[in-house]
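Working notes, structure below.
The values are calculated or read from the model by the stated rules, or taken from the named source; none is laboratory data. Quantities reported herein were computed from a predicted structural model and do not represent experimental measurements. Every residue, glycine as well, gets a Cβ built from its backbone with ideal geometry; the counts of neighbours run over all protein chains shown.
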Amino acid sequence: MPDKKRLVLINPWVYDFTACDFWLRPLGLLYLAALIRKYTYFEVDFLDFLCCDQVEVGSGFRPKFRPDGRASFYKEEVLKPDLFRHIPRKFSRYGWPLTRAEESLRRLPPPEAVLVTCTMTYWYPGVQTVCELVKKIFGPVPVILGGIYPTLCPEHARQKSGAGVVISGPGENQILPCLENICGQRALRPGADEATFPSLDSLPDPAYDLYREPSLACILTSRGCPFNCSYCASRLLNPRFEQREPEKVAAEISRLKLLGVRHIAFYDDALLFNQGRHLSKILEATSSLRPELNFHTPNGLSPRAVDRELAVLMRKAGFSSVFLSLENADSDWLRQTGPKVEATDLERALDCLEKAGYNRHEISVYVLVGQPLQTVELVLDSLKLVRKLGARPRLAYYSPVPGTRDWENLVKTGKLKPDSDPLLHNKLAFPYFWGSLTPDDLDRIKRAATTGGRG
């Protein structure tokens, strides 16, 4: 290309009642950045409005960094959406100060297009604000939106997000034709129009070098999930379950370490599936990278797959934050929603982890709250079990996901409409709209989770 053309890639704010940096990185957007740099002539400008350590001193915000690599979000209270006016909680924009974001955009050369991602469906107000800013600063520049929100709610995204182009599903095989359509074939390098990416291993490493000092990264060793729980969107987002080659994952981890990364969060939905030939092989190949690297499992591990050998490997390789997924201890509830784990699996997993050197009270166990079939007593009994076993209970707030079996039941019973505003998917909205638990029930559960009593 005779002159340098540019694209701007943006990870937008979170608009919510509460938000925390749970090892958040826009992995899909970083994969696309790597593809764009390899297969096109575009220069890439990258802005992650949720990256706390890139907020400048002049903003007046001093993020608090934790030993595990996470940091606190800057937040600015905003007007609650009309839908939430009756909820007695503050609503905020989490991430960079709005003025800081606008200043950063104004310093950039005008781009040919702007790529935006969005994770939770109910975080779409952040996309709307980005689109408004882009229009204000750059005029009629095409905005391309991808991610989980436009995949699960494509019509809402087309009508309400403000983006001119909406990509549903994995973007790696869509982004190059999309850019060619917008900017012409001269934007692509030779052969790019024939490039296809059938698997995660066919993609270049996510472009973590776009961060100033990338001490934290997230990684996928697999995509999709072999299970089909009634409340989960994994199969909707990725119908085919695939696992990467262990040696290629290990090589990527080694390259991340060379970049300066010290904390790696696994984003897999089924990290321990086929673990003897998958995760165990990865850990065996990366155990020599300790003590510089620490691994984290924010999505939760299946207790059923944890045995003594794996627990020892995890300890040796540097899993410093261990989250297990119980969801609920009631066997009837498990049979109705997805029997991938039982209470006895949790007990055995904790025994194995303790024998490998972990302290039980440092191991977190997710307990789901808000799923339509749950009662207060079911949740409280599950919390009681986790504490009895010596682990730390963590509440995982249920969000109704369009296309799941739970969603279809909520629509069938009239609690939600097929075209309900995605704001109603918010994890804290269920006591006020469609849930079987009341706000008082939720407060009681929260007290039980933190104090160990029954509320």
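Restricting attention to the range 178-213 and to residues that are closer than 26 Å to Cys52 by Cβ and touching a Phe, Trp or Tyr at 6+ places or on another chain (Cβ under 7 Å), the residue that is surrounded by the fewest Cβ atoms within 10 Å (Cβ to Cβ) turns out to be Leu210. Within this structure, Thr151 passes the test of being out of contact with any strand residue (DSSP E or B) (no Cβ under 8 Å at 6 or more places or on another chain), touching a residue at least 24 places away in the same chain (Cβ under 8 Å) and either of a type in the set (Ser, Thr, Tyr) or surrounded by 19 or more Cβ atoms within 10 Å (Cβ to Cβ) (or both).
For the range 440-455, residues that are within 26 Å of the chain's Cα centre (by Cα), touching a residue at least 12 places away in the same chain (Cβ under 8 Å) and surrounded by fewer than 20 Cβ atoms within 10 Å (Cβ to Cβ) total 2. Taking every residue in the range 260-281 that is within 15 Å of Ser320 (Cα to Cα) and pairing it with any residue that is among the aromatic types (Phe, Trp, Tyr), at least 6 positions away or on another chain, the pairs with Cβ-Cβ distances below 6 Å are Ile264/Phe295; Ala265/Trp23.
Beta carbons closer than 6 Å, at least 6 apart along the sequence or on distinct chains, pair a first residue in the range 19-39 that is farther than 19 Å from Tyr94 by Cβ with a second that is modelled with pLDDT under 95 and part of a helix (DSSP H, G or I) for Tyr39/Ala192. Please state which one of Arg235, Arg186 is at pLDDT below 95 and under 17 Å from the mean Cα position of the chain (by Cα). Sole residue among the options that is at pLDDT below 95 and under 17 Å from the mean Cα position of the chain (by Cα): Arg235.
Evaluation of Asp201 against the conditions (1) in contact (Cβ under 8 Å) with a residue 40 or more places away in the chain; (2) in contact with a Leu (Cβ under 9 Å, 6 or more places away or on another chain) shows that the sole unmet condition is (2).
Does Tyr358 satisfy the criteria of being in contact with a strand residue (DSSP E or B) (Cβ under 8 Å, 6 or more places away or on another chain), in contact (Cβ under 8 Å) with a residue 40 or more places away in the chain and closer than 27 Å to Gly318 by Cα? It is false that Tyr358 is in contact with a strand residue (DSSP E or B) (Cβ under 8 Å, 6 or more places away or on another chain), in contact (Cβ under 8 Å) with a residue 40 or more places away in the chain and closer than 27 Å to Gly318 by Cα.
Within this structure, Val166 passes the test of being in contact with a Leu (Cβ under 8 Å, 6 or more places away or on another chain), free of Cβ contacts under 8 Å to residues at least 40 places away in the same chain, on the phi < 0 side of the Ramachandran plot and not acidic (Asp, Glu).
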